[in-house]
Amino acid sequence: MRTTIINVSNRLPVTVGETITKSSGGLVAALEGLSPEDYHLKWIGWPGGSTDDPARQKKIEQLLVQEHGCVPVFLSEEEVAGHYGGFSNSSIWPLLHYMPNFMRYDPAWWEHYRNVNQRFADKVLELAQPGDLVWVHDYQLMLMPGMLHAAMPELKIGFFLHTPFPSFETFRCHPKRRELVAGMLGAHLIGFHTFGYMRHFRSTVLRLLGLESEITRIRSDDGHTSAMGVFPIGINAPKFEETLGSPEFAQRRDDFLRANAGKRVVLSVERMDYTKGILHRLDAIEEFLSRLDVNERDSIKFIFVSVPSRESVEEYQELRADTEARVGRINGQYATLSSSPIRFIHSSVDFTDLCALYATADVGMVTPLIDGMNLVAKEYIACQREHAGVLILSEFAGAAEELSSAVLVNPYDARAVAQTLAEALALPEEERRACNEPMRARVMQFDAQHWARSFLEALQAADISRSVEPESAENAAARLRAAMGGGERVALFLDYDGTLREMEREPRAAKPTPEIRELLQGLQKLRNVDVLLVSGRSHQDLELFFPEPDFSCVAEHGATFRRAGQREWVQWDRDISYAWKEEIRELLRLYEHSTPGSWVEEKRTSLVWHHRKTDPEFGTWKANQLTHELGTMMANEPVKIRQGRKIVEVTSAQVSKGVAIRRLLHEHDYGAILCVGDDQTDESMFELDQPNLISIKIGAEPSRARYRVADPAAFRRFLRELLTAARDGNLHTAQPAVIH
């Protein structure tokens, strides 16, 4: 049975004019290579241009669907300008390429970007069936995976970013940074060209959304998991092999060899784009030429092929003008009576001619300032079948990770690039061939078709089940309602920070809201319901937050207790020694000093190192380091080391929330016991051996709790619904199903 792939890109693989013609490109080649016996391909995208005539739109759509398997999304001129020219290329593109100085932002562009993403998503939803794979491409559609996932969670969605993904420090400059990252996380598989881009994305997700991740997985608060993978795109290898074996290629190759006889050719091919390092490359060429005498200059020819790009954008117009002026100045300064050093071509080149240029160039100079992959480098190597040219490649191109035998350069260092060019031209043929052969073998094997198959196989294998189902707490609520409706006594043991109340960077800012106070007081007033707050906070904090003893409170994980209706706090740890605190206080202070934003809190029963204000990755790394060091230091002491939510806490092994609850359970015979918490310090509650225990974990981290709720807001809704049901007398329900 064939799998349907709904492929979504900003542009369709066709050009719509008087007639409809197929476009070429790596993505087209990649998908054309998929077996029609295994996959049925539908392609959604913008057909180019704009037409408001419904009759013409219908005619174009019929032709595209019937003859090309393409489904168009028609856009107005205003939408194209705002979504593509504005938000995509003037706002996101510069940041993805580490160039915030080129970034511009207009709120109207954002509206167009969001609306166009929704239009594309709606078109997918019209076509999608269970079992289909949806593959979304590139920065123009970053919101779309999230939109699709929200509307159709069972749909398997892949997203591939064809550009770099920058460091958090760069990406954070964008006003809509959170929305863009959250949109990408709607996918079940997110693909990047290199591990570095994937690493930057993980770091950005952590800092913007607070979602920690494994190396290749990010789990959202709703339980949806986004896998990540590295899939370096390749070239259309069969097309190159076919062309290199054609008579037309042989003719053009011989033409170029005759035209450039006696000269060494240095070739540069790229789009006219500020990310490609064109002006920096000209600086290096000028430096190189300045070192040659007149006779040597005559033996070198630079061919610059610059493909027009985004010519309506002001920055690109300025770049072209600067490039042409610089080329003119260099040619004027270093020309001889017989030749000019640089031949500048600002247009597209026929594919056969391009292959012939690649095949006869002594040096391929590919030096972008930053590039997601850069297929020109791979195309140049693919054409070194007979000739042995040298590839000079920017270390900031994604291709540098694969083409490790190329001569890597820093494009910002013009002198070093000039020196490298001189050395490349002097390399012996044997050495050039030894470098090229393994690179060519890799380029031809791991081509565009291999890339597409690898991604789709990984997407098919992706797990779309949720680890946290929205309904997962329904059975817990049903069990509580049944107990309350049957007149049984119910205990609610509730953690505070991260459970009832969202975490705050400043702990004292996490004061209870009127909603929380009303919920707790309302539940405590119910017949046969006992509310017990079980917190790691000091009793001073809890008394500050809840001065009136409306319900019972357990402080410092069970060391201190205040009963409902009484103002005195009772110490439950009078016979416990805390002498070990002296031994570790200095260590925690050292970590405080070496980790900006962290601090040490000293409670009567414990020492706590907080890192919620630190850089998230640095703080987590230091917390792991501290936990390991404390474990070694305190191995023979009666202490427990807890790595909780943004804390490392050391407390007595004889004090825990589980021990405290076990002590309180002796006072009453409860028909149902609810224990709710959000981090490792709450696991002792979930481990209680009680047949009537109902345990709920807040968040998606691994836990021994039986049920889950996504976040504190969702848990407050859970309590609100329970309170409303009790007040309305709607407590008797059928026996809940068992959740395994």
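So which residues in segment 479-495 are among the basic types (Lys, Arg) and farther than 15 Å from Ala705 by Cβ?
Arg481, Arg489
Kindly establish whether Ile218 is modelled with pLDDT under 95, buried (at least 20 other Cβ atoms within 10 Å of the Cβ) and part of a strand (DSSP E or B).
So Ile218 passes the test.
Among the strands (runs of 3 or more DSSP E) confined wholly to segment 464-557, which include 2 or more residues that are of a type in the set (Lys, Arg) and closer than 27 Å to Gln643 by Cα?
Working: elements: 490-494, 529-534, 552-555.
Because the criterion is at least 2 residues that are of a type in the set (Lys, Arg) and closer than 27 Å to Gln643 by Cα, no strands (runs of 3 or more DSSP E) in segment 464-557 meet it.
Could you tell me which numbered condition Leu127 fails, if it satisfies all but one of (1) touching an Asp or Glu at 6+ places or on another chain (Cβ under 7 Å); (2) surrounded by fewer than 17 Cβ atoms within 10 Å (Cβ to Cβ)?
Among (1) touching an Asp or Glu at 6+ places or on another chain (Cβ under 7 Å); (2) surrounded by fewer than 17 Cβ atoms within 10 Å (Cβ to Cβ), Leu127 violates only (1).
So in segment 267-292, with the set limited to residues that are in a loop (DSSP other than H, G, I, E, B) and under 42 Å from the mean Cα position of the chain (by Cα), which one is farthest from Val313 (Cα to Cα)?
Among residues in segment 267-292 that are in a loop (DSSP other than H, G, I, E, B) and under 42 Å from the mean Cα position of the chain (by Cα), the one farthest from Val313 (Cα to Cα) is Gly277.
Is it true that some residue in segment 571-578 is at pLDDT 90 or above and of a type in the set (Asp, Glu)?
No: segment 571-578 contains no residue that is at pLDDT 90 or above and of a type in the set (Asp, Glu).
Give me a count of the residues in segment 677-687 that are closer than 21 Å to Thr560 by Cβ and surrounded by fewer than 22 Cβ atoms within 10 Å (Cβ to Cβ).
The number of residues fulfilling the criteria is 2.
Would you mind telling me which numbered condition in (1) over 38 Å from the mean Cα position of the chain (by Cα); (2) outside any loop (DSSP other than H, G, I, E, B); (3) of a type in the set (Asp, Glu) Glu683 fails?
Going through (1) over 38 Å from the mean Cα position of the chain (by Cα); (2) outside any loop (DSSP other than H, G, I, E, B); (3) of a type in the set (Asp, Glu) one by one, Glu683 breaks only (1).
Within segment 246-266, is even one residue under 43 Å from the mean Cα position of the chain (by Cα), in a strand (DSSP E or B), on the phi < 0 side of the Ramachandran plot and crowded, with 17+ Cβ neighbours inside 10 Å?
Yes - at least one qualifying residue is present in segment 246-266.
Report those strands (runs of 3 or more DSSP E) wholly inside segment 582-652 carrying at least 3 residues which are touching a residue at least 40 places away in the same chain (Cβ under 8 Å) and under 19 Å from Ser535 (Cβ atoms).
Those strands (runs of 3 or more DSSP E) span 606-610, 647-652.
Kindly indicate whether Ile303 is in a helix (DSSP H, G or I), touching a strand residue (DSSP E or B) at 6+ places or on another chain (Cβ under 7 Å) and within 21 Å of Ala426 (Cβ to Cβ). Full working, then the answer.
Numbers: in a helix (DSSP H, G or I): no; touching a strand residue (DSSP E or B) at 6+ places or on another chain (Cβ under 7 Å): yes; within 21 Å of Ala426 (Cβ to Cβ): yes.
It is false that Ile303 is in a helix (DSSP H, G or I), touching a strand residue (DSSP E or B) at 6+ places or on another chain (Cβ under 7 Å) and within 21 Å of Ala426 (Cβ to Cβ).
Within segment 254-272, can one find any residue that is out of contact with any helix residue (DSSP H, G or I) (no Cβ under 9 Å at 6 or more places or on another chain) and in contact (Cβ under 8 Å) with a residue 24 or more places away in the chain?
Yes, there is a match, as at least one residue in segment 254-272 is out of contact with any helix residue (DSSP H, G or I) (no Cβ under 9 Å at 6 or more places or on another chain) and in contact (Cβ under 8 Å) with a residue 24 or more places away in the chain.
Residues are listed down the side, and each one gets a yes or a no for (1) in the same structural domain as Ala483 (by TED's automatic domain parsing); (2) surrounded by fewer than 19 Cβ atoms within 10 Å (Cβ to Cβ):
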| residue | (1), (2) |
| --- | --- |
| Ala623 | no, no |
| Thr632 | no, yes |
| Val639 | no, no |
| Arg663 | yes, yes |
| Cys675 | yes, no |
| Asp689 | yes, yes |
| Ala714 | yes, yes |
| Glu721 | yes, yes |
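Quick check on my filter: what residues within segment 73-100 are surrounded by fewer than 22 Cβ atoms within 10 Å (Cβ to Cβ) and outside any helix (DSSP H, G or I)?
Within segment 73-100, Val73, Phe74, Ser76, Tyr98, Met99 meet the criteria.
From the list Ala478, Ala509, which one is surrounded by 15 or more Cβ atoms within 10 Å (Cβ to Cβ) and modelled with pLDDT under 95?
The unique qualifying residue is Ala478.
If I filter segment 127-165 down to residues being among the charged types (D, E, K, R) and at pLDDT 95 or above, which single residue comes out as farthest from Phe87 (Cα to Cα)?
My answer is Lys156.
Just wondering, is there one or more residues in segment 193-206 that are of a type in the set (Phe, Trp, Tyr), more than 21 Å from Phe618 (Cα to Cα) and modelled with pLDDT of 90 or more?
Within segment 193-206 (the criterion being of a type in the set (Phe, Trp, Tyr), more than 21 Å from Phe618 (Cα to Cα) and modelled with pLDDT of 90 or more), the answer is no, since none of the residues qualifies.
Condition test on Glu154, is it over 16 Å from Ser9 (Cβ atoms) and in a helix (DSSP H, G or I)?
Here the answer is no, as Glu154 does not meet what is asked.
Results for (1) without any contact (Cβ under 8 Å) to a residue 60 or more places away in the chain; (2) surrounded by 16 or more Cβ atoms within 10 Å (Cβ to Cβ), shown as yes or no for each residue.
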{"residue": "Val366", "(1), (2)": "no, yes"}
{"residue": "Cys383", "(1), (2)": "no, yes"}
{"residue": "Ser404", "(1), (2)": "yes, no"}
{"residue": "Arg415", "(1), (2)": "no, no"}
{"residue": "Ala422", "(1), (2)": "no, no"}
{"residue": "Ala426", "(1), (2)": "yes, no"}
{"residue": "Glu429", "(1), (2)": "yes, no"}
{"residue": "Arg432", "(1), (2)": "yes, yes"}
{"residue": "Arg440", "(1), (2)": "yes, yes"}
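Would you be able to tell me the number of residues in segment 362-381 that are under 19 Å from Lys239 (Cβ atoms) and not acidic (Asp, Glu)?
Qualifying residue count, segment 362-381: 9.
Suppose we filter Phe493, Phe446 for residues that are of a type in the set (Phe, Trp, Tyr), within 30 Å of His40 (Cα to Cα) and buried (at least 17 other Cβ atoms within 10 Å of the Cβ); which single one remains?
Result: Phe446 is the single residue among Phe493, Phe446 that is of a type in the set (Phe, Trp, Tyr), within 30 Å of His40 (Cα to Cα) and buried (at least 17 other Cβ atoms within 10 Å of the Cβ).
Pro166 - would you say it is closer than 22 Å to Glu401 by Cα and not small (Gly, Ala, Ser)?
Details: closer than 22 Å to Glu401 by Cα: yes; not small (Gly, Ala, Ser): yes.
Criteria met by Pro166.
State the number of residues belonging to segment 36-51 that are aromatic (Phe, Trp, Tyr) and in contact with a Cys (Cβ under 8 Å, 6 or more places away or on another chain). Before the answer, list the steps.
Initial filter on segment 36-51 (aromatic (Phe, Trp, Tyr)): 39, 43, 46.
Filter again for in contact with a Cys (Cβ under 8 Å, 6 or more places away or on another chain), leaving 43.
Matching residues across segment 36-51 total 1.
Which of (1) part of a strand (DSSP E or B); (2) closer than 21 Å to His539 by Cβ; (3) not aromatic (Phe, Trp, Tyr) does Leu664 not meet, given it meets every other one?
All conditions pass for Leu664, except number (1).
Looking only at segment 678-699, count how many residues are at pLDDT below 90 and in contact with a Leu (Cβ under 9 Å, 6 or more places away or on another chain).
Count: 0.
Working only within segment 3-33, note down all residues that are assigned to a loop (DSSP other than H, G, I, E, B) and either crowded, with 18+ Cβ neighbours inside 10 Å or not assigned by TED's automatic domain parsing to the domain that holds Tyr84 (or both).
Leu12, Pro13
Being more than 9 Å from the chain's Cα centre (by Cα) and among the polar types (S, T, N, Q) is the filter here; which residues of segment 185-221 pass it?
Answer for segment 185-221, where residues must be more than 9 Å from the chain's Cα centre (by Cα) and among the polar types (S, T, N, Q): Thr194, Ser213, Thr216, Ser220.
Only residues that are crowded, with 19+ Cβ neighbours inside 10 Å and of a type outside the set (Val, Ile, Thr): list them for segment 582-611, please.
Matches in segment 582-611: Leu588, Tyr591, Ser598, Lys603, Ser606, Leu607, Trp609, His610, His611.
Determine whether segment 377-394 contains at least one residue that is of a type in the set (Val, Ile, Thr) and in a loop (DSSP other than H, G, I, E, B).
No; the residues of segment 377-394 include none that is of a type in the set (Val, Ile, Thr) and in a loop (DSSP other than H, G, I, E, B).
The values are calculated or read from the model by the stated rules, or taken from the named source; none is laboratory data. Fair warning: this is a prediction, and the values are worked out from it, not measured in the lab. Note that we place each Cβ from the backbone using ideal geometry, even for glycine, and neighbour counts take in every protein chain shown.
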